[in-house]
Structures are given as structure tokens and as C-alpha cells.
Amino acid sequence: MSAVPAVKTLVAVWVALLVLLGLTTASSYVALGIGNTLINSGIAVLKVGLIALFFMHLRRSDAAVRLAAAIAFLFLFFLFFLSFGDLLTRSPRPASWQPPAETSR
């Protein structure tokens with residue numbers, strides 16, 4: 001096997017990324033509630049995987065490079081996980097530019 005993927009493979013991955021981008025955009029027009037977030041997160045994971053394996057050449061790199069990439073992704077996961085945990089513990093407040101909600105008397 002060659003060290004660099006064939007041009008056909010790279011073009012196929014690029015087309016797959018464009019299709020996934022189209023799916024992400026199309027899903028924003030369908031009201032699925034929490035399903036939109038789950039679907040778009042899954043699509044994002046697929047896109048990251050394709051980019052890491054083919055454009056970053058992690059499939060054919062040394063074990064040390066793969067380990068460093070895995071640690072970086074794990075660290076990123078922890079950052080998102082902790083941020084999401086913080087977001088879940090906050091009470092919802094209106095944005096500062098929105099007028100306050102009127103109370104009925």
C-alpha cells in the first residue's frame with residue numbers, strides 16, 4: 001500500500017463529507033426536537049472520523065501519532081462533557097436584549 005491514499009479515495013471522502021453537510025443542513029428544516037441534536041451530533045462524529053482517517057492520515061501513522069490524536073480527542077470530549085454538564089445545571093433566562101416577560105395581574 002502506498003503512504004498516500006489514491007485521488008479517487010480522497011474525492012470519494014470529499015463527496016461523502018459534502019453529502020453529510022447536506023444532511024446536516026436538511027435536518028435543520030425538520031422539527032425533530034432533541035432528535036435534531038442527536039442526528040447532527042452523529043453526523044458530526046462521522047465527519048470527524050472521515051477527516052481524521054483520510055485527510056489526517058491517522059490510519060497509516062505511527063502508534064505514537066495515533067495515541068496523541070486519541071488523547072487530543074479525549075480531552076476535547078471532556079471539555080464538551082463538562083461544558084454540557086454546566087449548561088444542564090443552569091436555569092433558563094431570557095437573553096439580555098429580549099424584553100422581560102409580562103406578568104398577568
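What follows is calculated from the coordinates using simple rules that are stated; it is not laboratory data. Because the structure is a prediction, the values reported are computed rather than measured. Note that we place each Cβ from the backbone using ideal geometry, even for glycine, and neighbour counts take in every protein chain shown.
How high is the relative contact order of the chain? Use alpha-carbon pairs under 8 Å, at least six apart in sequence, and give a whole percent. Spell out each step's value before the answer.
Numbers: 22 pairs, mean separation 24.7, N = 105.
Once normalised by length, the contact order is 24 percent.
Placing dummy labels 7 Å off each Cα toward the beta-carbon, the span from Arg60 to Phe80 is 2.8 nm.
Only helices enter the 222 nm calculation for the chain: every DSSP H run of n ≥ 4 contributes -39,500 (n - 2.57), and dividing by all residues gives -21000 deg cm²/dmol, rounded to 500.
Could the peptides 48-59, 23-34 be put in order, highest first, of the mean number of other beta-carbon atoms found within 10 Å of their residues?
Numbers: 48-59: 14.2, 23-34: 10.0.
Result, highest mean first: 48-59, 23-34.
Full extension of the segment from Leu53 to Leu87, taken as 0.36 nm per residue of separation minus the current Cα-Cα distance, would add 9.1 nm.
Helix 63-88 versus the longest principal axis of the chain: what is the Cα-based angle in degrees, 0 to 90, to the nearest 10? It works out to around 10 degrees. Could you pull out which residues in segment 1-30 have an amide N less than 19 Å from a spot 7 Å beyond the Cα of Ala69, following the Cα-Cβ vector? Under 19 Å, as judged by backbone N against the label point of Ala69, lie 1-18 of segment 1-30.
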